[in-house]
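Undergrad: One structure is given below, represented as structure tokens, and several questions about it will come after.
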Amino acid sequence: MRAGIMPWLGLWLLLTAALALAAPTPYQVAPAAIGCTQVASLRRVAELSLSMSAAAYAQALAQLHCQRVDGAGTWQLLGTHDTVARLRPLPVRRGEVSLYFASSAVSVAALAPAALPPGVWRLVLAGGVAVLLWSMLRYGGQWWRRGRAWRLCGQLVRHHAEALRIRRQQLVQFNSYGVERTTKWEREQAEFVRTIIQPALRGKRLAATWPALAPRVLALIDQVARQVPAGTRAADGFSPDMDPIAYERYCAARLRACGWDAHATPPGGDQGADVIAVHGHVRLVVQCKLYRNAVGNEAVQQIAAARLHYHADVAAVVSNADYTIPARQLARSNNVFLLHHDELPAFAARLARARKKA
């Protein structure tokens, strides 16, 4: 807000300075100085006898269209000629005539700002107040809209926290030097913004606030995606350094914790099923893939064949990594579920509920 108001405040100050510079320089006239409407009359006044009575002197001034001033007020200089100066009183009023004075009786006023007409000062003050009020209304409205948009973005990010957390685990990998590779995760963040955040902002007519909020929202997305969900133990048995056999047993243990009768198949001759789990009349076969890169078509093909071999109702591939686009396409056409291992509990619960309803 402060940066936005500065140009308008600067414009108002420049306008005030221009008005002050454009205002006429004020002059003062010495007390008891004589001013006349004509230069000739001023010269004739100088010739009047000082021995005249006060009444006769006043009558002579009136006849010459001259007057004595008391020295109060300020005057605008209209021009000078030899020893004569032509002035008119300030503030300027329509129909008011100018007077000629002896130059020796005229001097510049001590308080120059007083020369600016009171009406102009009021106009300048009103302009300054208008600039401040307009800026407060405009930027106050922007601040209110940004606050509303920020709350909406926070709600959306927290609503999708679990999906964001899983996607970050799938997409952030480490190179050989232990440094995170976040390119895929950054693309996922951009996709989340494009498909979730921005449509919601447009629906609330808050799309214009996004450029100002973008850094904060992206930081919030990353922060939420890094958090460990409440009630989850930090050490739940998973490690990216475990071997594939240990990962299969880990997946089976997560299913058993959900009430399923699950066990890992012996290595070799498993026909593509690493875990077989049963809950009531539901049989689930799982292919477990502990990968650094995205899981491809082969895993989908193997678990689809295993479902037929074991006469299973449901087939799923579980991995710590992401899945390729061809793998996702093949999984959809073969009714195979592609999961992250943290999705196993919710997935198992959905299967159990669906079978109860059936």
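Undergrad: Taking region 65-101 on its own, how many of its residues are touching a helix residue (DSSP H, G or I) at 6+ places or on another chain (Cβ under 8 Å) and aromatic (Phe, Trp, Tyr)?
TA: Summing the residues that are touching a helix residue (DSSP H, G or I) at 6+ places or on another chain (Cβ under 8 Å) and aromatic (Phe, Trp, Tyr) in region 65-101 gives 2.
Undergrad: Could you figure out which of (1) under 30 Å from PHE347 (Cβ atoms); (2) modelled with pLDDT under 95 isn't true of LEU156?
TA: (2)
Undergrad: Condition first: without any contact (Cβ under 8 Å) to a residue 60 or more places away in the chain, in a helix (DSSP H, G or I) and either among the small types (Gly, Ala, Ser) or surrounded by 18 or more Cβ atoms within 10 Å (Cβ to Cβ) (or both). Now tell me which residues in region 327-345 satisfy that.
TA: Of everything in region 327-345, those that are without any contact (Cβ under 8 Å) to a residue 60 or more places away in the chain, in a helix (DSSP H, G or I) and either among the small types (Gly, Ala, Ser) or surrounded by 18 or more Cβ atoms within 10 Å (Cβ to Cβ) (or both) turn out to be ALA327, LEU330, ALA331, SER333.
Undergrad: Taking the residues in region 80-96 that are at pLDDT below 90 and under 16 Å from ALA40 (Cα atoms) as candidates, determine which candidate is surrounded by the fewest Cβ atoms within 10 Å (Cβ to Cβ).
TA: By that ranking, first place goes to ASP82.
The values are calculated or read from the model by the stated rules, or taken from the named source; none is laboratory data. Remember, predicted model here, so these are calculated numbers, not experimental data. Counting neighbours? That spans all protein chains shown, and the Cβs are built from the backbone with ideal geometry, glycine included.
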